[in-house]
1. Among the residues of the range 42-61 satisfying the criterion of being among the hydroxyl-bearing types (S, T, Y) and open to solvent by less than 100 Å² (accessible area, probe 1.4 Å), which is modelled with the highest pLDDT?
2. I'd like to verify a number: residues in the range 19-76 that are closer than 30 Å to P2 by Cα and charged (D, E, K, R), how many?
3. Tell me, please, whether a residue that is charged (D, E, K, R), loosely packed, with under 10 Cβ neighbours inside 10 Å and either within 20 Å of V86 (Cα to Cα) or modelled with pLDDT under 90 (or both) can be found in the range 6-15.
4. Considering only the range 64-87, state which residues are open to solvent by 100 Å² or more (accessible area, probe 1.4 Å) and in a loop (DSSP other than H, G, I, E, B).
5. Filter the range 20-36 for residues that are open to solvent by 60 Å² or more (accessible area, probe 1.4 Å) and either within 23 Å of P84 (Cα to Cα) or β-branched (V, I, T) (or both) and give the result.
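The values are calculated or read from the model by the stated rules, or taken from the named source; none is laboratory data. Quick caveat: nothing in here was measured; it's all calculated off a predicted structure. Every residue, glycine among them, receives a Cβ derived from its backbone with ideal geometry; neighbour counts consider all protein chains shown. The protein model used for the area step is the full one, side chains on, heavy atoms only, and it has no ligands, DNA or RNA in it. Shrake-Rupley method; radii C 1.70, N 1.55, O 1.52, S 1.80 Å.
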Amino acid sequence: MPRRPISITLDTDNLTWLKGRASAGGLRSVSELLNQLVTAARQAGRIGPSRSVVGTIDIDAADPLLEGADAAVRALFDASLGRPLVREGRAGSRVRAKVNKRRG
């Protein structure tokens, strides 16, 4: 299926999130991720409000009061520091400089 370029405007936080998801998913670009997200949404055929996240978190039966939650979150955060950072801006784009040549 042919692809067509478009222009979209996103909040900075959303763009950063998309770049992180694309990188974590081993995708070549944010465009590839957006294409996958839209394809999945289109194929699901659902139209309406967002799905609920109720019931998507399991609490460890050994720690029902979440007394070890701080240590668990800290460990996840420390592990995330080892991953490469997502660069802001247009680091990968090529910019051509205009050169004015005068013939005289």
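1. Filtering the range 42-61 for residues that are among the hydroxyl-bearing types (S, T, Y) and open to solvent by less than 100 Å² (accessible area, probe 1.4 Å), the one modelled with the highest pLDDT comes out as T56.
2. 6
3. Filtering the range 6-15 down to residues charged (D, E, K, R) leaves 11, 13.
Subsequent filtering for residues that are loosely packed, with under 10 Cβ neighbours inside 10 Å retains 11, 13.
Adding the requirement that they be either within 20 Å of V86 (Cα to Cα) or modelled with pLDDT under 90 (or both) leaves 11, 13.
Yes, the conditions are met somewhere in the range 6-15.
4. L65, E67, R83, P84, L85, R87
5. R21, S23, A24, G26, R28, S31, Q36
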